[in-house]
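Just so you know, all these numbers are worked out from the coordinates, no wet-lab data involved. This one's a predicted model, so the numbers in the text were calculated from it and none came from an experiment. Here the Cβ positions follow ideal geometry from the backbone for every residue, glycine too, while neighbour counts run over all protein chains shown.
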Amino acid sequence: DAKTTQPTSMDCAEGRAANLPCNHSTISGNEYVYWYRQIHSQGPQYIIHGLKNNETNEMASLIITEDRKSSTLILPHATLRDTAVYYCIVRVLSSGSARQLTFGSGTQLTVLP
Amino acid sequence: GAGVSQSPRYKVAKRGQDVALRCDPISGHVSLFWYQQALGQGPEFLTYFQNEAQLDKSGLPSDRFFAERPEGSVSTLKIQRTQQEDSAVYLCASSSPGQTYEQYFGPGTRLTVT
């Protein structure tokens with residue numbers, strides 16, 4: 001699985017958009033970009049994933065650059081409950097058998113009141 | 001519906017003791033993963049089950065670590081002769097065949113070895 005690089009920490013004002021970047025310059029054509037987050041004292045939680053098109057769900061939007069070497073997770077209206085460590089993960093999507101997730105150190109997002 | 005549950009939530013063991021950590025995955029989930037998370041780090045893969053078969057145990061740090069899932073549902077991670085470096089949060093995750101992109105995590109068991 002390709003390696004990812006994320007900033008160690010970021011702050012965001014409550015109600016504003018939080019934009020979390022991730023670099024994955026060695027990504028392969030069949031690798032997807034996944035985002036998980038981990039709120040303090042909880043297990044990681046799936047947010048969103050994508051291959052090359054931008055994706056949106058009820059939690060967030062994922063913007064992937066055309067060359068696929070970087071992506072941005074957008075939380076459109078951050079709340080205090082969005083304070084968490086956000087992990088960007090690149091992996092192959094295999095349907096035959098599941099594969100483990102390879103987590104880096106992630107970005108600690110702190111939403112400020 | 002019920003998510004992944006783990007027990008105990010907290011465990012304190014004296015160095016040299018054996019411990020057993022339990023994971024109850026979401027009903028019907030075929031795949032089950034164990035991860036270890038040291039303080040301030042991201043989770044690291046330990047082992048993976050598909051039903052009762054342990055298909056990958058490449059992440060187990062030593063032969064003191066053993067995992068089983070005898071009936072393809074509940075899983076137990078056992079650590080023998082615990083050492084201080086085993087202190088960590090142990091996370092269990094499960095996924096279903098139709099959702100290979102998403103793993104559902106339990107709250108973890110925090111193990112402290114004194």
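Annotations
- Ranked by how many other Cβ atoms sit within 10 Å of their own Cβ, fewest first, the residues A:70, A:9 fall in the order A:9, A:70.
- The range B:15-102: relative contact order in percent, alpha carbon pairs under 8 Å with at least 6 residues between: 40
- Using a simple spin-label model with pseudo-atoms 7 Å out from Cα toward Cβ, residue B:14 and residue B:2 lie 3.5 nm apart.
- Counting Cβ atoms of other protein chains within 10 Å of each residue's Cβ and taking the mean over peptide B:83-96 gives 1.
- Sequence-distant aspartates and glutamates (8 or more away, or on other chains) whose Cα lies within less than 12 Å of residue A:69: A:31
- Ordering of A:46-58, A:11-23 by packing is A:11-23, A:46-58, highest average first (other Cβ atoms within 10 Å, averaged per residue).
- Note on chain B: GNM, Cα springs under 10 Å; of B:58, B:27, B:95, the largest mean-square fluctuation is that of B:58.
- Convex hull per residue volume in Å³, alpha carbons only, for chain A: 98
- Cross-link pairs beyond the 27 Å C-alpha cut-off, checked among A:3/B:11; B:11/B:57; A:3/B:57: A:3/B:11
- In chain A, Cα pairs under 8 Å separated by at least six residues give a relative contact order of 37 percent.
- Here each label is just a point 7 Å from Cα along the line to Cβ, and for residue A:19 and residue A:54 those points are 1.1 nm apart.
- Theoretical gain in end-to-end length, residue B:112 to residue B:76 [0.36 nm per residue, Cα-Cα removed]: 11.2 nm
- Residue A:105 paired with residue A:67, simple spin-label distance in nm, labels 7 Å along Cα-to-beta-carbon: 2.5
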